[in-house]
1. Cβ-Cβ distance below 7 Å, separation of 6 or more or different chains: which pairs start in segment 223-241 with a residue that is on the phi > 0 side of the Ramachandran plot and small (Gly, Ala, Ser) and end on one that is outside any strand (DSSP E or B) and surrounded by 15 or more Cβ atoms within 10 Å (Cβ to Cβ)?
2. Suppose we filter 245, 219, 214, 163 for residues that are among the basic types (Lys, Arg), touching a strand residue (DSSP E or B) at 6+ places or on another chain (Cβ under 6 Å), open to solvent by 10 Å² or more (accessible area, probe 1.4 Å) and more than 30 Å from residue 21 (Cα to Cα); which single one remains?
3. If I ask for residues that are of a type outside the set (A, V, I, L, M, F, W, C) and either within 20 Å of residue 146 (Cβ to Cβ) or open to solvent by less than 20 Å² (accessible area, probe 1.4 Å) (or both), which ones from segment 39-54 would you list?
4. Give me the residue from segment 14-38 that is without any contact (Cβ under 8 Å) to a residue 60 or more places away in the chain, out of contact with any Phe, Trp or Tyr (no Cβ under 9 Å at 6 or more places or on another chain) and of a type in the set (S, T, N, Q) and, out of that set, least open to solvent (accessible area, probe 1.4 Å).
5. Can you say whether residue 146 is acidic (Asp, Glu), at negative phi and within 19 Å of the chain's Cα centre (by Cα), as far as the supplied structure shows?
6. Among the residues of segment 99-106, is any in a helix (DSSP H, G or I), of a type in the set (D, E, K, R), in contact with a strand residue (DSSP E or B) (Cβ under 9 Å, 6 or more places away or on another chain) and over 30 Å from residue 1 (Cβ atoms)?
7. Sort out which residues of segment 74-103 are open to solvent by less than 20 Å² (accessible area, probe 1.4 Å), within 16 Å of residue 38 (Cα to Cα) and without any contact (Cβ under 8 Å) to a residue 60 or more places away in the chain, and write them in order of number.
8. For segment 175-187, state whether one or more residues are touching a helix residue (DSSP H, G or I) at 6+ places or on another chain (Cβ under 7 Å), crowded, with 21+ Cβ neighbours inside 10 Å, in contact (Cβ under 8 Å) with a residue 24 or more places away in the chain and not in a loop (DSSP other than H, G, I, E, B).
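The values are calculated or read from the model by the stated rules, or taken from the named source; none is laboratory data. On a predicted model such as this, the values are computed, not experimentally measured, just so you know. Backbone-built Cβ (ideal geometry, glycine too); neighbour counts: all protein chains shown. Surface accessibility is based on the protein's heavy atoms, side chains included, excluding ligands, DNA and RNA. Shrake-Rupley method; radii C 1.70, N 1.55, O 1.52, S 1.80 Å.
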Amino acid sequence: MSTLTFLGTGTSQGVPVISCRCRVCTSADGRDKRLRSSVLVETAGKVLVIDAGTDFRQQMLREDVRGVDAILLTHEHKDHIGGLDDVRAFNYTSGRPVDVYATGRVQRRIETDFDYAFGENRYPGVPDIELHTIDPGRPFDIGGLEVVPVEGFHFRLPVVGFRIGNMAYLTDMNRIAESEIEKIKGVDLLVINALRKETHLSHFTLGEAIAVGRKAGARQVCFTHISHQMGLHGEEEVQLPEGFRFAYDGLKIEYP
C-alpha cells in the first residue's frame, strides 16, 4: 500500500486568513485550520513531496519527515515554492543535494528567487538543490518510479499535476483538456483543488472539481486548496456526493 499525507490544504493565504473574523477563520474545528497546499507521498519505497510552500518547515516538523527522495513542483507561485530554502536541513542530515523536479520556466523562477543557492562561490550553508527538468508531455522516472505529468491551466499560467501509480494530484487549475483527463482515468485516489462554490478566475469551483472527478472515474476524490469561502468543514462535508470528501491538514489516506 501507498500513503498520501496532506501537509496543507489551504490557499495562498492559508486558513484562517490574517485579520478575517468569518465563521471559518474563527472556527475551533482543527479541520478548518489549513496551511498552504502540499502533500507527502510514500510509495514504492520512495518519499516524495509535491510543492514546498511557505509552510514547508512547519509541515516537515509536524509529520516528522526525516528525508525526501524528491520534491515535485506544480508551478512557481510563492505558496508552492516559498519554502525551498528549508531543504538545507535535509542537506545537513543526508550530505547530498535535494532533487527538485520542475519545468524549465519554474526552474528559472527558483534560480531568481533563490539566486544565492546557485552559481559559484556560494555562501556556506545555503540550500543545495539539484534541478531536474520536467517535460509536461512526457513521463519521467525517479529512481525507478514513473511519474506522469498532467498539464492544466491556472487562468493563463500552465501548471503541472502528477499521476504517480494509482494516485493523481491536481492543484491550482481552472481548466484541463480532455486529453489530460485521460491520463488520470481510473485512479484509485484523485486529489484536486476546489477553492469555493462561486466562479473563480483561476481555480476550479467545487462543482467543476466534482465534474473532473467524475470524468476521471476515480474511486475516491479529495478536495484541497480550499479557501475560507467554502464554508465550515463539518457542515460542507456531509453535503458531498458519495466518494468525494474535503481533505484537511494531517489527513492520511492509504491506497493500492
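1. Filtered contacts from segment 223-241: 231/24.
2. The unique qualifying residue is 163.
3. Within segment 39-54, the subset of a type outside the set (A, V, I, L, M, F, W, C) is 42-43, 45-46, 51, 53-54.
The answer is 42, 43, 45, 46, 51, 53.
4. First pass over segment 14-38, keeping only residues without any contact (Cβ under 8 Å) to a residue 60 or more places away in the chain: 14, 18-19, 21, 26, 28, 36, 38.
From what's left, out of contact with any Phe, Trp or Tyr (no Cβ under 9 Å at 6 or more places or on another chain): 14, 18-19, 21, 26, 28.
If we keep only those that are of a type in the set (S, T, N, Q) as well, we get 19, 26.
Details: 19: 109, 26: 64 Å².
Applying the filter and picking the extreme gives 26.
5. Taking the combined requirement at face value, the residue satisfies it.
6. Checked against the condition, which is being in a helix (DSSP H, G or I), of a type in the set (D, E, K, R), in contact with a strand residue (DSSP E or B) (Cβ under 9 Å, 6 or more places away or on another chain) and over 30 Å from residue 1 (Cβ atoms), segment 99-106 yields at least one hit.
7. 81, 83, 84, 87, 100, 102 - these are the residues of segment 74-103 that are open to solvent by less than 20 Å² (accessible area, probe 1.4 Å), within 16 Å of residue 38 (Cα to Cα) and without any contact (Cβ under 8 Å) to a residue 60 or more places away in the chain.
8. Filtering segment 175-187 for residues touching a helix residue (DSSP H, G or I) at 6+ places or on another chain (Cβ under 7 Å) gives 176, 181, 184-185, 187.
From what is left, the residues that are crowded, with 21+ Cβ neighbours inside 10 Å are 176, 184, 187.
Imposing the further condition that a residue be in contact (Cβ under 8 Å) with a residue 24 or more places away in the chain reduces the set to 176, 184, 187.
Cutting the leftovers down to not in a loop (DSSP other than H, G, I, E, B) gives us 184.
Yes, there is a match, as at least one residue in segment 175-187 is touching a helix residue (DSSP H, G or I) at 6+ places or on another chain (Cβ under 7 Å), crowded, with 21+ Cβ neighbours inside 10 Å, in contact (Cβ under 8 Å) with a residue 24 or more places away in the chain and not in a loop (DSSP other than H, G, I, E, B).
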